Amino acid sequence: MTVPELPTYEFAFPGPLRDQLVAAVLDGTKTSTTGLLQDLEIEGEAMPEVGTRFAVIDSAGRPVAVIELVEVRVARIGDVDLDHARDEGEGYASMADWRAGHENYWHGADYRGWLGDPAFTIDDDTPAVLERFRLVETL
């Protein structure tokens, strides 16, 4: 497999959070992730499809792994389930923990700055894209 042929997958913004998430992908504890549907619309990207493989990019911009999507669904933030939250590999023991962690991210300076909306907030009805993946190969 030639990595340059694969689309890239970036977890969070470069820095400590991305490093933590990539490490969790590499050690197998992270097998799901959640993004906002609006991000796809803003980037002009199509809904990800099951079976698509991606090169996971680390904070230095290097491909470090190949993942394959095994499930993709759209759900309200308020409908995300604990199994999905646990499989994000970030140690969430409850939905309150998951929600707090994700609000910190989506209400944080990096995301709001990228979005160009310093007052952006999510609520239970915000549409999210829930993805499950498997680690195909470590590079």
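Here are the numbers:
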item	result
The chain - accessible surface per residue (Å², probe 1.4 Å)	51 Å²
Sequence-separation-based contact order of segment 68-139, relative, with Cα cut under 8 Å and 6+ spacing, percent	55 percent
CD proxy at 222 nm, helix term only [per DSSP H run n ≥ 4: -39500 (n - 2.57); per residue of the chain; nearest 500]	-8500 deg cm²/dmol
Total charge dipole magnitude, segment 13-139, about the Cα centre, Cβ charges on Lys, Arg, Asp, Glu only, Debye to nearest 20	320 debye
Helix 95-106 vs. the chain, principal-axis angle (Cα, 0 to 90°, nearest 10)	80 degrees
Rounded percent of accessible protein surface that carbon and sulfur make up, the chain, 1.4 Å probe	50 percent
Antiparallel bridges, percent of DSSP beta bridges restricted to the chain (to nearest 5)	90 percent
Angle in degrees between helix 16-26 and the longest Cα principal axis of the chain, rounded to the nearest 10	50 degrees
Local electrostatic count at residue 20 - Lys and Arg +1, Asp and Glu -1, tallied over other residues with Cβ under 10 Å	0
Value of relative contact order over segment 1-136, rounded to a whole percent, pairs C-alpha under 8 Å and six or more apart	34 percent
Gain on full stretching of the segment that runs from residue 105 to residue 41 - 0.36 nm per residue minus C-alpha separation	21.2 nm
Kirkwood Rh, angstrom, segment 14-53 [1 / mean 1/r, Cα pairs]	12.0 Å
Cα pair count fraction exceeding 28 Å, expressed as % - the chain	12 percent
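The values are calculated or read from the model by the stated rules, or taken from the named source; none is laboratory data. All values derive from a computational prediction rather than experimental measurement. Backbone-built Cβ (ideal geometry, glycine too); neighbour counts: all protein chains shown. These area figures cover heavy atoms from the full protein model, side chains too; ligands, DNA and RNA do not enter into them. Shrake-Rupley method; radii C 1.70, N 1.55, O 1.52, S 1.80 Å.
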